[in-house]
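The values are calculated or read from the model by the stated rules, or taken from the named source; none is laboratory data. Everything numeric in this text was worked out from a predicted model, so none of it was measured. Every residue, glycine among them, receives a Cβ derived from its backbone with ideal geometry; neighbour counts consider all protein chains shown.
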Amino acid sequence: MDDPVADIILKCAAQDRAAFGQLYRDTSAKLFGTLLRILADRSEAEDALQEVYTRVWLRAGRFDAAKGRGMTWLIAIARNLAIDRLRARPPVTSDDGIELAASPEPRAETRLIALGEARRVSDCFDTLEPDRARAVRGAYLSGLSYADLATRHAVPLNTIRTWLRRSLLRLRECLET
Amino acid sequence: MTDTPLTPREEDEAQAAEYVLGLPDLAERMALEARIKADPCFAALVTAWETRLAGLNDGFDPVPAPDLLPQIEARLFPAAPRPARRSLFWLLAPLAAALVLAAVFFVTPREAVLVATLQTEDAALTYEARYQDDTLTITRVAGTAAAAGQVHELWIIAPDAAPVSLGLLADAPLSVAYRVPPKGWTLAVSLEPAGGSPTGQPTGPVILAAQIGA
């Protein structure tokens with residue numbers, strides 16, 4: 001399959017610095033949007049963006065185009081870094097913080113009617129109970145933790161965990177078939 | 001809904017999915033990251049979930065990013081060899097590379113390697129810098145964070161080069177993607193206003209410094 005981002009990452013793996021510049025120009029808006037959505041803090045997102053591209057250069061040799069698309073690999077690095085940072089933050093106890101964690105509505109997800117992968121994920125999400133599908137999307141797109149979800153749904157953390165794990169396994173079944 | 005316990009295979013699948021979604025707290029997340037590094041089967045489950053959920057990536061709206069490429073390149077490629085030394089450098093580079101490879105091959109540290117200890121004379125404030133898997137981790141092992149309104153900022157300084165910021169030191173260890181810091185380079189901590197140096201160079205007093213390999 002045509003994957004121009006993967007081609008550039010492979011050039012980076014070959015220590016091509018010009019390709020690295022091109023990769024930044026072509027993909028930084030998507031990765032910055034990802035970091036900004038999860039971290040919700042512009043200066044921290046800028047800091048994280050530098051970190052992400054540093055990792056990308058250092059790990060480019062481990063990218064395997066046979067295992068997935070270039071953009072998927074880049075976003076996984078950005079999401080992981082953003083979630084690491086989010087979890088390392090001191091716990092927020094004020095009401096404001098809870099409000100912030102609970103506020104992002106699945107505005108963007110409604111546009112998930114694109115082709116291919118997105119369509120299949122979307123179809124399979126439709127097989128889940130709506131609140132569980134929302135929880136999975138909230139975790140993926142906004143970096144909500146089990147603790148955030150427990151607060152949001154006002155149920156014990158272990159309850160959330162039990163039903164979300166079941167939903168994830170069901171999602172996997174649906175996506176495999 | 002059934003409440004039968006998960007099978008070991010389901011348990012692994014659930015943990016991989018939870019990791020990719022980012023649901024666990026910090027302690028559990030760190031444990032899962034350690035498992036990803038140590039267990040290729042589990043790492044493959046994680047990769048499969050990343051691919052499986054990639055369709056959700058459409059939900060991330062692009063936002064034009066500032067041009068941070070110069071800072072990123074300064075971190076990755078600091079202090080290019082100066083022209084006068086270049087011929088010698090290129091002559092020796094293959095040999096050096098071979099030695100490094102040999103060293104990596106034979107040492108292959110499983111534990112993070114201590115590369116520098118930065119401390120005050122009385123050791124009241126101490127940071128340790130460790131390196132593993134392209135990651136430099138700086139942990140405060142004694143003392144306290146900077147007073148309110150200030151922050152400790154970490155710098156790496158190549159010989160004859162300007163300091164390059166590696167980030168701000170808070171209570172949690174700071175992990176930055178980095179190559180093996182070369183011998184003779186310096187790690188330093190300066191006291192900066194909250195949010196870090198506004199200029200990109202140290203503005204406050206340098207309170208700690210240590211040369212790598214000293």
Exercise for review: Please work out which one of (1) in contact with a helix residue (DSSP H, G or I) (Cβ under 8 Å, 6 or more places away or on another chain); (2) surrounded by fewer than 19 Cβ atoms within 10 Å (Cβ to Cβ) is the condition A:VAL155 fails and give its number.
Suggested key: (1)
Check your understanding: Under the condition of being at pLDDT below 85 and within 12 Å of B:ILE157 (Cβ to Cβ), which residue from the range B:167-186 is surrounded by the fewest Cβ atoms within 10 Å (Cβ to Cβ)?
Key -> B:GLY184
Check your understanding: What about A:ARG87, is it free of Cβ contacts under 8 Å to residues at least 60 places away in the same chain, within 15 Å of A:CYS12 (Cβ to Cβ) and of a type outside the set (Asp, Glu)?
Key -> no
Study note, to complete from the structure: Of the listed residues (B:VAL206, B:VAL189), the one being touching a Leu at 6+ places or on another chain (Cβ under 9 Å), buried (at least 19 other Cβ atoms within 10 Å of the Cβ) and more than 30 Å from A:GLY61 (Cβ to Cβ) is B:VAL189
Exercise for review: Hey, can you tell me all the residues within the range A:128-137 that are in contact with a Pro (Cβ under 8 Å, 6 or more places away or on another chain) and at the interface with chain B (Cβ under 9 Å from one of its Cβ atoms)?
Suggested key: A:ARG137
Point to revise | Any pair with Cβ under 8 angstrom, 6 or more apart, that starts in the range B:37-64 at a residue that is more than 7 Å from chain A (Cβ to nearest Cβ) and closer than 17 Å to A:ASN80 by Cα and ends at one that is charged (D, E, K, R) and in a loop (DSSP other than H, G, I, E, B) | key: B:LYS37/B:ASP133
Check your understanding: For A:ALA14, are the conditions met, namely being at pLDDT below 95, within 23 Å of B:THR47 (Cβ to Cβ) and surrounded by fewer than 15 Cβ atoms within 10 Å (Cβ to Cβ)?
Key -> yes
Practice item. Can you confirm whether the range A:87-104 contains a residue that is crowded, with 16+ Cβ neighbours inside 10 Å, at the interface with chain B (Cβ under 9 Å from one of its Cβ atoms), under 19 Å from B:VAL20 (Cα atoms) and at pLDDT 85 or above? Key: yes
Study note, to complete from the structure: Counting only residues in the range A:141-177 that are more than 9 Å from chain B (Cβ to nearest Cβ) and in contact with an Asp or Glu (Cβ under 9 Å, 6 or more places away or on another chain), the one nearest to A:LEU81 (Cα to Cα) is identified as A:SER142
Point to revise | Selection from the range A:16-74 of residues that are outside any helix (DSSP H, G or I) and more than 8 Å from every other protein chain (Cβ to nearest Cβ) | key: A:ASP16, A:ALA40, A:ASP41, A:PHE63, A:ASP64, A:ALA65, A:ALA66
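The rows are residues; the columns are (1) farther than 21 Å from B:GLY204 by Cβ; (2) at pLDDT below 85; (3) part of a loop (DSSP other than H, G, I, E, B).
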{"residue": "B:VAL100", "(1), (2), (3)": "yes, yes, no"}
{"residue": "B:ARG110", "(1), (2), (3)": "yes, yes, yes"}
{"residue": "B:ALA146", "(1), (2), (3)": "no, no, yes"}
{"residue": "B:HIS152", "(1), (2), (3)": "no, no, no"}
Revision key, fill the gap. When the range A:34-44 is checked residue by residue, the ones that are touching a residue at least 24 places away in the same chain (Cβ under 8 Å) and more than 14 Å from the chain's Cα centre (by Cα) are A:GLU44
Review point. Do we find that B:ALA116 is part of a strand (DSSP E or B), more than 13 Å from the chain's Cα centre (by Cα) and crowded, with 16+ Cβ neighbours inside 10 Å in this structure?
Key: yes
Check your understanding: Here are B:ALA48, B:ALA79, B:ALA65: which of them is at pLDDT 85 or above and either assigned to a loop (DSSP other than H, G, I, E, B) or in the same structural domain as B:VAL180 (by TED's automatic domain parsing) (or both)?
Key -> B:ALA65
Revision key, fill the gap. For the range B:180-214, the count of residues that are hydroxyl-bearing (Ser, Thr, Tyr) and more than 20 Å from B:GLY149 (Cβ to Cβ) equals 1
Practice item. Using the structure shown, decide if A:ARG120 is of a type outside the set (Asp, Glu), more than 16 Å from the chain's Cα centre (by Cα) and either at positive phi or within 7 Å of another protein chain (Cβ to nearest Cβ) (or both). Key: yes
